[in-house]
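For reference, the structure is listed below as structure tokens.
The values are calculated or read from the model by the stated rules, or taken from the named source; none is laboratory data. The structure presented is a predicted model; accordingly, all values stated were derived computationally and were not measured. Because the Cβ atoms are built from the backbone with ideal geometry, glycine has one as well, and the counts that use them run over all protein chains shown. Heavy atoms of the whole protein, side chains included, go into the accessibility calculation; ligands, DNA and RNA do not. Shrake-Rupley method; radii C 1.70, N 1.55, O 1.52, S 1.80 Å.
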Amino acid sequence: MELKATSLGKHLAQHPYNRVRLLNAGVEVSGEKHEYLIPFNQLLAIKCKRGLVWGELEFQLHDDKVVRLHGTEWGETQRFFHYLNQSWQQWSTEMSRVAAGVLDAEVTAIRRCEQQDNWLKRSDISHWQQTIAQAFAAQPLPEARLIEFDNCREASLYCQQHQDYSNSDRSQRNEAWTEDILQRYAQFFEHVESSPLNLSQAKAVVNGEDAVLVLAGAGSGKTSVLVARAGWLILRQQATADQILLLAFGRKAAEEMNTRISERLHTDQINACTFHALALQIIRQSSKSNPAISVLESDTQARHRLLIDAWRQQCSEKKSQANGWRQWLTEELGWELPAENFWQDESLARRLAGRLDRWLELIRMHGGAKATMLEAVPQDLRTPFEKRYRLMAPLLKAWKSALKKESAVDFSGLIHQAISLLDKGRFISPWKHILVDEFQDISPQRAALLGALRRQNSQTTLFAVGDDWQAVYRFSGADMALTTAFHHWFGEGDHCVLDTTYRFNQRIGEVASQFIQCNPGQLKKPLNSLTKGNKKSIVLLPEEQLEALLDKMSGYVRQDERVLLLARYHHLRPQLLDKAATRWPGLTLDFMTIHASKGQQADYVIMVGLNGGKDGFPAGSAESVIEMALLPASEEFAHAEERRLAYVAMTRARHQVWLLFDRQNPSVFVAELSKQGVTQLRKP
């Protein structure tokens with residue numbers, strides 16, 4: 001059946017289309033030069049209009065597109081429209097039954113997901129929105145017409161609503177679910193640890209996103225959250241014990257975690273391990289080799305001896321190498337060297353050993369190949385870096401020879417090898433849930449190992465607990481950006497904040513939090529304390545008052561209370577501590593560097609060396625080209641990491657903190673803390 005414009009109508013309308021033909025499931029509109037096929041599944045509406053003389057048909061399509069036919073005799077136009085509309089509606093009714101079946105199945109799937117007794121993940125919403133889009137795209141009817149049909153209307157509106165499901169909708173649903181789940185499982189959260197979990201801890205434990213960052217302030221119970229998380233996964237049958245991987249940065253921390261898990265969860269099937277132990281496990285299970293870790297990794301003296309011997313050998317054998325080292329140490333580091341055979345100087349060797357150790361570790365961490373490293377080095381550093389690398393190359397060769405002689409591998413080699421085995425598919429990860437402690441200390445190399453594990457199984461979740469305010473290991477390769485930009489690196493998810501500290505009082509917390517958050521690069525978070533403290537909970541004191549302070553403390557500090565003296569460097573240990581055992585026998589005194597104190601706590605903290613100048617705090621930047629090239633980019637904010645180090649020192653104390661400074665040459669931090677309201681005393 002077809003409809004044509006009249007000869008006069010065709011002439012006067014001057015329109016590209018003058019003829020329409022009804023097809024099996026569509027219409028064909030054509031003219032002298034143009035032809036347009038409109039299937040019924042693209043047709044949104046048909047309108048029949050009467051002009052002054054002739055009739056007009058209007059076909060409405062997607063995106064507000066309209067195709068019109070003018071100049072047809074009005075009576076014929078009406079008859080054609082009647083048959084066309086009847087045919088189109090009959091087809092539509094038949095197709096609505098197909099559409100209803102598809103939509104009803106989609107609604108059932110969405111409701112099953114939404115009503116499940118679990119956290120509703122972002123990936124769940126992404127998945128159902130994708131399937132809704134696919135369902136609408138596969139419909140025989142246009143999506144805009146589905147609400148015209150009784151058998152499709154409700155399901156269509158439901159799907160459209162969930163296609164627009166927002167993050168706010170998801171949050172509201174998960175908040176309601178969390179409130180209900182915490183009530184139902186109140187017994188678990190009260191008894192999983194020695195003390196009941198607080199609300200922020202419990203909420204972090206039940207968060208079911210694929211990537212969760214838990215910002216755990218100092219003393220906020222991060223270990224409790226990790227233990228409870230493992231227990232929760234087992235209780236809710238989200239994982240078996242062997243599908244949970246807990247990672248810590250040091251062997252001691254891993255052992256402490258295992259002890260807590262054994263005591264609280266009553267299982268020895270969940271084992272926390274270090275990244276290096278994990279890499280070793282992957283290598284042993286996926287290859288015939290059973291590598292041993294070099295003794296050099298655990299023997300600092302032997303490591304330093306090897307490096308100094310190799311350094312001395314190259315300087316004595318090649319004058320060009322000796323000249324290169326002299327230039328490096330004097331011009332870049334500002335060291336004074338003996339005029340002749342400087343490499344034989346023992347004090348210089350002792351001073352240099354730690355530097356050589358650090359530089360070599362950075363090179364090994366990046367794989368050791370110069371070409372690969374150069375690609376990542378900023379353009380302006382490439383030439384000086386190549387010069388330094390040539391000087392380090394004999395030390396790298398000596399290191400590799402020592403490993404070969406031992407038939408052993410080093411820590412960096414373990415992780416590189418494990419990543420390679422994972423990417424080649426020679427090891428299939430059995431872990432569905434990865435839990436990581438002290439995440440702020442993670443390096444790009446360790447992050448790459450996590451990435452390789454998760455690529456093995458896209459359903460693997462990452463639960464990371466850390467505190468960017470305590471990120472103080474950039475010198476060893478840690479990259480704070482992996483925490484502050486967590487979801488950029490590890491995928492969409494949530495972050496939680498543990499907002500209560502059980503260690504220090506509110507006054508210490510206020511000072512430390514305000515001090516650290518002066519840096520806009522740090523993540524903002526609240527941290528509340530259970531006790532108030534007072535203005536003297538944290539004070540500034542001249543360094544010559546240390547002895548008087550210890551005299552006074554010996555009168556009221558109990559023997560079971562710990563006093564911790566902290567300094568930026570080992571050699572700043574106060575000499576009067578040599579007589580502490582006899583002078584103040586009732587005081588339990590310990591001294592350590594601030595870096596070493598991380599993870600420690602004491603009743604009272606005395607920080608010494610808050611001075612300016614050489615060996616001052618904040619420490620001046622003294623990075624070599626090797627460090628500038630291979631470490632994560634330094635932050636623009638002045639003294640950013642030194643500020644975090646001061647925060648670590650202040651937050652070791654339960655009751656009181658004394659910040660000792662040189663009155664003649666105080667640290668820049670002294671004026672800042674004074675301006676912040678920290679009391680400055682003349683004597684204790």
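Yes/no matrix, rows are residues, columns are (1) within 26 Å of the chain's Cα centre (by Cα); (2) buried (at least 20 other Cβ atoms within 10 Å of the Cβ); (3) outside any helix (DSSP H, G or I):
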site: T372; (1), (2), (3): yes, no, no
site: D380; (1), (2), (3): no, no, no
site: F385; (1), (2), (3): no, yes, no
site: A393; (1), (2), (3): no, no, no
site: W399; (1), (2), (3): no, yes, no
site: A418; (1), (2), (3): yes, yes, no
site: R426; (1), (2), (3): no, no, yes
site: S429; (1), (2), (3): yes, no, yes
site: L450; (1), (2), (3): yes, yes, no
Across the range 659-684, the tally of residues that are within 21 Å of E561 (Cα to Cα) and either open to solvent by 10 Å² or more (accessible area, probe 1.4 Å) or assigned to a loop (DSSP other than H, G, I, E, B) (or both) stands at 1
Which numbered condition Y17 misses (of (1) aromatic (F, W, Y); (2) in contact with a helix residue (DSSP H, G or I) (Cβ under 8 Å, 6 or more places away or on another chain); (3) open to solvent by less than 50 Å² (accessible area, probe 1.4 Å)): (2)
Could you say whether any residue in the range 344-364 is crowded, with 19+ Cβ neighbours inside 10 Å and farther than 30 Å from L449 by Cα? yes
State whether the residues of the range 470-490 include one that is farther than 22 Å from A619 by Cα, touching a residue at least 12 places away in the same chain (Cβ under 8 Å), touching a helix residue (DSSP H, G or I) at 6+ places or on another chain (Cβ under 7 Å) and of a type in the set (D, E, K, R). no
All-but-one check, G75 against (1) in contact with a Gly (Cβ under 7 Å, 6 or more places away or on another chain); (2) small (G, A, S); (3) assigned to a helix (DSSP H, G or I), failing number (1)
Sole miss for L576 among (1) under 30 Å from R382 (Cα atoms); (2) open to solvent by 10 Å² or more (accessible area, probe 1.4 Å); (3) of a type in the set (A, V, I, L, M) is condition (1)
Return the pair list, or none, for Cβ contacts closer than 7 Å from residues in the range 306-328 that are free of Cβ contacts under 8 Å to residues at least 24 places away in the same chain to residues that are assigned to a helix (DSSP H, G or I) and among the polar types (S, T, N, Q), at least 6 apart or on different chains. none
Between a first residue in the range 181-199 that is in contact (Cβ under 8 Å) with a residue 24 or more places away in the chain and crowded, with 18+ Cβ neighbours inside 10 Å and a second residue that is assigned to a helix (DSSP H, G or I) and basic (K, R), which pairs have beta carbons less than 9 Å apart while being 6 or more apart in sequence or on different chains? V192/R264; E193/R260; E193/R264
Which residue, of L69, L84, L61, L43, is closer than 27 Å to A135 by Cβ, open to solvent by less than 10 Å² (accessible area, probe 1.4 Å) and of a type in the set (A, V, I, L, M)? L43
Which one of G586, G616 is at pLDDT below 95 and more than 21 Å from E561 (Cβ to Cβ)? G616
Can you spot a residue in the range 166-180 that is open to solvent by less than 80 Å² (accessible area, probe 1.4 Å), closer than 30 Å to Q42 by Cα and either β-branched (V, I, T) or modelled with pLDDT under 95 (or both)? yes
Among (1) at pLDDT below 85; (2) open to solvent by less than 20 Å² (accessible area, probe 1.4 Å); (3) among the charged types (D, E, K, R), where does K10 come up short? (2)
I'd like the residue in the range 467-495 that is small (G, A, S) and closer than 28 Å to G354 by Cα and, out of all such residues, is surrounded by the most Cβ atoms within 10 Å (Cβ to Cβ). A471
Within the set of pairs 6+ apart or on separate chains, which have a first residue in the range 388-407 that is in contact (Cβ under 8 Å) with a residue 40 or more places away in the chain, a second that is surrounded by 13 or more Cβ atoms within 10 Å (Cβ to Cβ) and of a type in the set (G, A, S), and C-beta atoms under 6 Å apart? L391/G324; P394/A310; L395/A310; A398/A310; L403/S294; E406/S294
Search result, residues across the range 503-542 that are of a type outside the set (D, E, K, R), open to solvent by 60 Å² or more (accessible area, probe 1.4 Å), over 25 Å from E641 (Cβ atoms) and out of contact with any Gly (no Cβ under 8 Å at 6 or more places or on another chain): L530, T531, N534
Do you know which of the residues in the range 305-336 that are open to solvent by 50 Å² or more (accessible area, probe 1.4 Å) and either over 18 Å from R390 (Cα atoms) or assigned to a loop (DSSP other than H, G, I, E, B) (or both) is modelled with the highest pLDDT? R305
Residues of the range 202-214 that turn out to be assigned to a helix (DSSP H, G or I) and open to solvent by less than 10 Å² (accessible area, probe 1.4 Å), as a count: 4
If you go through D410, D423, the only one that is over 30 Å from V225 (Cα atoms) and in contact with a strand residue (DSSP E or B) (Cβ under 8 Å, 6 or more places away or on another chain) is D410
The lone exception for R184 - which of (1) more than 28 Å from G217 (Cβ to Cβ); (2) among the basic types (K, R); (3) in contact with a helix residue (DSSP H, G or I) (Cβ under 9 Å, 6 or more places away or on another chain) it fails: (3)
Given the structure, is D603 open to solvent by 10 Å² or more (accessible area, probe 1.4 Å), in contact with a strand residue (DSSP E or B) (Cβ under 6 Å, 6 or more places away or on another chain) and either in a helix (DSSP H, G or I) or among the acidic types (D, E) (or both)? yes
